[in-house]
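Read-outs throughout are calculated quantities, based only on the coordinates presented, and are distinct from any laboratory measurement. Please read these numbers as outputs of a predicted model, since none were measured by experiment.
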Amino acid sequence: MSKRRQDLDRHLNAIEAKVPGLLQRPDTFPRAFEDEVEVLLGQIVVQDHAYALERLEAIVDRSGFNG
């Protein structure tokens, strides 16, 4: 695995670790999560966007949030 992908996975894991805290306020979860996504997408190369978005979708699915 490339260093770039390892760095991306670390960032995605950090976002996932924040989800339980973000879910404490379900009314603000969508915006707070979107803020995290925007920061991430601004820091990675375009070629990694599809991979990141797929992982982020899985994170939301696992969170159980359906607001």
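Here are a few things to note about the model shown:
- Values of log10 I(q)/I(0), in the order q = 0.13, 0.18, 0.24 Å⁻¹, for the chain under a Debye, Cα-only, solvent-free model: -0.34, -0.64, -1.06
- Max mean-square fluctuation residue, GNM over the chain, Cα-Cα springs under 10 Å, options 45, 19, 37: 45
- Computed from Cα atoms, the angle from the helix 3-22 axis to the main principal axis of the chain rounds to 0 degrees.
- Helix 49-63 axis versus longest C-alpha principal axis of the chain: approximately 30°, rounded to the nearest ten.
- Extension gain from residue 9 to residue 32, taking 0.36 nm per residue of separation minus the Cα-Cα distance: 6.3 nm
- Extension gain for residue 23 to residue 45 (0.36 nm times residue separation, less C-alpha to C-alpha distance): 5.1 nm.
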